[in-house]
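Asks: What follows is a single structure, and I will ask about it in a moment.
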Amino acid sequence: MPVDPGLLALMRDDLAACRDLREQRMFGGVAFMVGGHMACGLMPLGGFYRIGRAGQARALALPGTSVMNVTRRPMPDFVVLSAEGAASDTARQTLLAMALAHVATLPPR
């Protein structure tokens, strides 16, 4: 199942102001790398955001979010935002801000 082109366009628009941004095919979809670190992306299940373990509770409080589970093991640094949840500009922008703040704490690549 391919990614939703409308959601991909929304995510690209959300990231338009990011510097050092690169798209990469991953997880059957597209990942967005910021400063060499995966920050967010889109897969057939919806959008995903790398919010870090410390941000997990706050992120999961948003409607339409769940812990990312691609390998049948939870990935606590990431949350998935369902396609329905991605319709909310507030949810997408909140998760993107969390993801960008988290990747800014990671060592340079």
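Asks: Return the pair list, or none, for Cβ contacts closer than 9 Å from residues in segment 50-62 that are on the phi < 0 side of the Ramachandran plot to residues that are in a loop (DSSP other than H, G, I, E, B) and not hydrophobic (A, V, I, L, M, F, W, C), at least 6 apart or on different chains.
Replies: Within 9 Å, the pairs are LEU62/SER88.
Asks: Report the residue count in segment 13-49 for those that are modelled with pLDDT of 95 or more and of a type in the set (Lys, Arg).
Replies: Residues that pass the stated criteria total 1.
Asks: Quickly run through segment 5-23 and pick out the residues that are over 17 Å from ARG50 (Cα atoms) and of a type in the set (Asp, Glu).
Replies: Hit for segment 5-23 is ASP13, nothing else.
Asks: Given the condition touching a Phe, Trp or Tyr at 6+ places or on another chain (Cβ under 9 Å), over 15 Å from THR94 (Cα atoms), buried (at least 17 other Cβ atoms within 10 Å of the Cβ) and not aromatic (Phe, Trp, Tyr), answer yes or no: does some residue in segment 46-65 qualify?
Replies: Scanning segment 46-65 turns up no residue that is touching a Phe, Trp or Tyr at 6+ places or on another chain (Cβ under 9 Å), over 15 Å from THR94 (Cα atoms), buried (at least 17 other Cβ atoms within 10 Å of the Cβ) and not aromatic (Phe, Trp, Tyr).
Asks: Scan segment 69-103 for residues that are assigned to a helix (DSSP H, G or I), among the acidic types (Asp, Glu) and within 13 Å of the chain's Cα centre (by Cα) and jot them down. Reasoning before the result, please.
Replies: Step one: filter segment 69-103 for residues assigned to a helix (DSSP H, G or I), giving 85-87, 89-103.
Those still in the list that are among the acidic types (Asp, Glu) too: 89.
Answer for segment 69-103, where residues must be assigned to a helix (DSSP H, G or I), among the acidic types (Asp, Glu) and within 13 Å of the chain's Cα centre (by Cα): there is none.
The values are calculated or read from the model by the stated rules, or taken from the named source; none is laboratory data. It should be emphasised that the depicted structure is a prediction, and the values quoted were computed from it without experimental measurement. Glycine also receives a Cβ, built like all others from the backbone with ideal geometry; neighbour counts cover every protein chain displayed.
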